[in-house]
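S.K.: First, the structure itself, so that you have it in front of you.
The values are calculated or read from the model by the stated rules, or taken from the named source; none is laboratory data. Please read these numbers as outputs of a predicted model, since none were measured by experiment. Every residue, glycine as well, gets a Cβ built from its backbone with ideal geometry; the counts of neighbours run over all protein chains shown. Side chains included, ligands, DNA and RNA excluded: accessible areas come from the protein's heavy atoms. Shrake-Rupley method; radii C 1.70, N 1.55, O 1.52, S 1.80 Å.
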Amino acid sequence: MLNWFSDMRKKVSATVVIHLCFYISAFIAWPIMAEMELFEQFYEFSRDHEDWDIDEFSLLVVNLTIALILSSLFQSSRLRKLVRQRDFQRQRAEQNARHDPLTGLMNRRAFGDLLQETVKTVTAEQPIFIAMLDLDRFKPVNDIHGHAAGDAIIRKVAQRLTVEIGTIAQVGRLGGDEFAIIFEPGTTVTQVERSARRLIHAIEQPFHFNKTPIYISGSVGLMTWGEDISVTEALRRADKSLYAAKDGGRARFAWYDAELDQKSHERAQLEIELTKAIANNEIQAWFQPIINIETEDLIGFEVLARWTHETRGEVSPSTFIEIAEDSGQIGDLGLSILRQACRAAADWDPKLTISFNVSPLQFHDPNLVEQIKGILDECRFDARRLTIEVTESSIIRDFDIARAKLDALKALGVAVALDDFGTGYSSLASLRQLPFDRIKIDRSFVTNIAAEPQNQKIVAGIMALATGLELDVTAEGIETNDDLAYLQDLSCSLGQGFLFERAVPENHVHWLIDSKWSDWPLDAKRANELQQAEIKAAS
Ligand code: C2E
Ligand code: CA
Ligand code: CA
């Protein structure tokens, strides 16, 4: 397109130049020809050769010349008009390339260019402030009221922003419902925050579409650009702060927080490493004993995932399980843990059970039952030796769906337990409506129970309820002999906790199977020392 313009310009200029040359040469030739009396000579010549019809031909030449001049004048005016039109179109195209057609604000490209210019002037002493604004829950507006309403609101938001911002900043639309603002140099933090508040307030005022009031809100992320960072990095930071504002509850502003950013960066790093660790089976199944607290016999183990990272050391399961859930890897991780546990436990005394944790996302995986069955078959592990532990967050969304899933699991022959009992909001309803075999009282009620009358009442209540519903109860988090004695008095059937043992790796389990818990080595480290001593003695 641009080439076409320059070609056209060249053509017009060439025509004008040629014409000018003609006119100039005519003016130069005119006095010379007059001096030489050329016309008189020509007249004489044509009269002398009357039979050649020179005068008629001359008339034709004069006519043709006039026609040529008129035609070229017409042509050049036409070309000039065309060029004017094209110039206008080009300006419009440039305007469109730099402005958002819906709102007329700068678009992402123009805003980027503006930042690119600004980056040259930024110093720590004279920082520039950038704000990123995003509408909260704007998608439902489009879904409910239609795209025309959505467009009208975006246009109105742009107007309100422009009015509120006044002369202290420039605003652009980056796309969708996202706007960016760059404050003029010299604007203070107080002014920036005041503007942010005003913008948020302006957006909270109702928008009217077809006489229907529509309410939305906006969140603002703020960042100080005082160091030598690229435009992309500046925008990324502004974006981070925007999401911090959204996470903080929306309709508010938040400043960029380097520490928070570092954390989320580390989390992203951990996610990458977790993917590799799962693929390489580096996450191991460890086993924490569960004791019959009346007879004090070992009845089985809870399987707990453990990740010893080569540089980070022990990574807490609460951390990596959450990342595995968020990144959709919990299914693979869980199955790997269950497979390891079933393989290990297949050789143990068949009276010993294992309890496996299923997290909410995994619980809703339609393939879960099939996958568990596959692993039980593959490891030739008796389903009756397996308990599936689910937390309340897995089941509260929809009891009917949860019941169907629990029934399907029970049809395999496994038992199901409600984990962390007492911490959710609808524990009682869950118990009444769903076919659990056992509950696990959360350790927050158990640890130090002998000294906490409030917890004593809660646990006594849970015990009465469980007895009424004929459910097994496991008390988690027994840490002291006092805790144990108190639970024995309440006739709680099963217990688990640091008093007995923490989770140990598979190769330490035999220490626990072969002796009474009171004779157990206190922890895995001690077991390790004992094992080393055993190896030494044998050699
Ligand atoms: P949870 O299912 O409630 O597991 C029991 C947690 O309590 C374990 O923490 C265990 O080490 C800890 N614990 C046991 N006895 C005591 C005690 O006496 N005192 C104290 N303070 N803590 C005790 P851990 O291993 O850190 O696991 C944390 C959570 O991570 C688990 O809570 C479970 O929700 C999840 N998790 C662990 N492994 C897996 C897994 O393989 N799959 C899934 N989906 N979740 C897992
Ligand atoms: Ca558990
Ligand atoms: Ca628990």
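S.K.: In degrees between 0 and 90, to the nearest 10, how far off the longest principal axis of the chain does helix 108-118 point, with axes built from Cα atoms?
M.R.: Compared with the principal axis, the helix lies near 90 degrees.
S.K.: I've got another one for you. Net charge around ARG250, counting only other residues with Cβ within less than 15 Å of its Cβ (Lys, Arg = +1; Asp, Glu = -1)? Don't jump to the answer; show the numbers that get you there.
M.R.: Details: positive: ARG137, LYS139, ARG197, LYS246, ARG252; negative: ASP134, ASP136, ASP177, GLU178, GLU204, ASP247.
Here the count lands on -1.
S.K.: Taking 0.36 nm per residue of separation and subtracting the Cα-Cα distance, what length does fully extending ASP472 through GLU271 add?
M.R.: Numbers: separation 201, 0.36 × 201 = 72.36 nm, distance 3.72 nm.
So the extension gain works out to 68.6 nm.
S.K.: Using DSSP to define loop residues, name the trypsin sites (Lys or Arg not before Pro) in the stretch 232-268 whose beta-carbon has at most 16 other beta-carbon atoms within 10 Å.
M.R.: Values: sites: ARG236, ARG237, LYS240, LYS246, ARG250, ARG252, LYS263, ARG267; in loops: ARG250, ARG252.
Taking the stretch 232-268 and a limit of 16 other Cβ atoms within 10 Å, the loop trypsin sites (Lys or Arg not before Pro) found are ARG250.
S.K.: Rounded, prolate or oblate: which one fits the stretch 381-524, using the alpha carbon gyration tensor with axes a ≥ b ≥ c (rounded when a/c is under 1.5, else prolate when a/b beats b/c, else oblate)?
M.R.: On the way: a/c = 2.21, a/b = 1.24, b/c = 1.78.
Here the stretch 381-524 falls in the oblate category.
S.K.: Each label point is 7 Å from the Cα along the Cα-to-Cβ direction; what then is the distance between the points at ASN292 and ASP51, in nm?
M.R.: 14.9
S.K.: Let me ask something else. For the chain, give me the percentage of DSSP beta bridges that are antiparallel, rounded to the nearest 5 percent. Intermediate results must be reported in sequence, preceding the final value.
M.R.: Numbers: 41 of 69 bridges.
Restricted to the chain, the bridges split so that about 60 percent are antiparallel.
S.K.: Stretch GLN89-ALA460 to full length: gain in nm at 0.36 nm per residue minus the Cα-Cα span? Could the numbers behind the result be given before it?
M.R.: Numbers: separation 371, 0.36 × 371 = 133.56 nm, distance 8.23 nm.
Taking 0.36 nm per residue and subtracting the Cα distance, the gain is 125.3 nm.
S.K.: Suppose R0 equals 56 Å. What FRET efficiency, 1/(1 + (r/R0)^6) with r the Cβ-Cβ distance, do GLN262 and ASP482 give to the nearest 0.05?
M.R.: Numbers: r = 42 Å, r/R0 = 0.76.
So the FRET efficiency works out to roughly 0.85.
S.K.: Compute the helix-to-body angle for 258-279: its Cα long axis versus the longest principal axis of the chain, expressed 0 to 90° and rounded to tens.
M.R.: Between helix and principal axis, roughly 70 degrees.
S.K.: By how many degrees, 0 to 90 and rounded to 10, does the Cα axis of helix 524-538 deviate from the longest principal axis of the chain?
M.R.: Compared with the principal axis, the helix lies near 70 degrees.
S.K.: Filter LYS139/LYS246; LYS156/LYS263; LYS351/LYS373; LYS156/LYS246; LYS263/LYS440; LYS405/LYS457 down to the pairs with a C-alpha to C-alpha distance above 25 Å, please.
M.R.: Values: LYS139/LYS246 15 Å; LYS156/LYS263 37 Å; LYS351/LYS373 20 Å; LYS156/LYS246 22 Å; LYS263/LYS440 33 Å; LYS405/LYS457 33 Å.
Going by Cα-Cα distance, LYS156/LYS263; LYS263/LYS440; LYS405/LYS457 fall outside the 25 Å limit.
S.K.: Rank these residues by their accessible area, most exposed first, probe 1.4 Å: MET33, MET463. Don't jump to the answer; show the numbers that get you there.
M.R.: Working: MET33 95, MET463 15 Å².
Of MET33, MET463, the descending order of accessible area is MET33, MET463.
S.K.: While we're looking at this one, here's another question. Full-extension gain between ILE66 and LYS139, please, as 0.36 nm times their residue separation minus the C-alpha to C-alpha distance. Walk me through the intermediate numbers first.
M.R.: On the way: separation 73, 0.36 × 73 = 26.28 nm, distance 6.90 nm.
Difference between extended and current length: 19.4 nm.
S.K.: Let me ask something else. Rounded to the nearest 10 Å², what accessible area does LEU412 show when all protein chains are kept and the probe is 1.4 Å?
M.R.: Per-residue accessible area (LEU412): approximately 40 Å².
S.K.: Next question, about the same structure. Which loop GluC sites (Glu not before Pro) in the stretch 273-329, with loop taken from DSSP, have no more than 15 other Cβ atoms within 10 angstrom of their Cβ? Please report the intermediate quantities before stating the final value.
M.R.: Working: sites: GLU273, GLU282, GLU294, GLU296, GLU302, GLU310, GLU314, GLU322, GLU325; in loops: GLU282, GLU294, GLU296, GLU310.
Sparse-neighbourhood loop GluC sites (Glu not before Pro): GLU294, GLU296, GLU310.
S.K.: Next question. Show me the GluC sites (Glu not before Pro) within the stretch 332-423 that DSSP assigns to loop and that have at most 10 other Cβ atoms within 10 Å of their Cβ.
M.R.: The qualifying sites: there are none.
S.K.: Set the Förster radius R0 to 22 Å, insert the Cβ-Cβ distance between VAL119 and THR187 as r into 1/(1 + (r/R0)^6), and round the FRET efficiency to 0.05.
M.R.: On the way: r = 17 Å, r/R0 = 0.76.
Computed FRET efficiency for VAL119 and THR187 comes out at 0.85.
S.K.: Where does each of TYR256, TYR215, TYR23, TYR43 land when they are ordered by accessible area, with a 1.4 Å probe and the largest first?
M.R.: On the way: TYR256 55, TYR215 155, TYR23 90, TYR43 115 Å².
Final ranking, largest accessible area leading: TYR215, TYR43, TYR23, TYR256.
S.K.: Please name which of ILE144, ILE182, LEU133 has its Cα lying farthest along the dipole of the stretch 82-190 towards the positive end, using unit charges on Cβ (Lys, Arg +1; Asp, Glu -1) and the Cα centre as origin.
M.R.: Highest projection toward the positive end goes to ILE144.
S.K.: Just by accessible area at a 1.4 angstrom probe, what is the order of THR308, THR232 from largest to smallest? Provide the component values of the computation, followed by the final result.
M.R.: Details: THR308 80, THR232 105 Å².
Accessible-area ranking of THR308, THR232, largest first: THR232, THR308.
S.K.: Rounded to the nearest Å, what's the spacing between the alpha carbon centres of the stretch 233-311 and the stretch 125-154? Just the number, please.
M.R.: Centre-to-centre distance over Cα atoms comes out at 31 Å.
S.K.: Please report, to two decimal places, log10 I(q)/I(0) for the stretch 288-360 at q = 0.11, 0.12, 0.20, 0.25 Å⁻¹ as given by the Debye formula with identical point scatterers on the Cα atoms and no solvent.
M.R.: For the requested q values the scattering log ratios are -0.35, -0.41, -0.92, -1.14.
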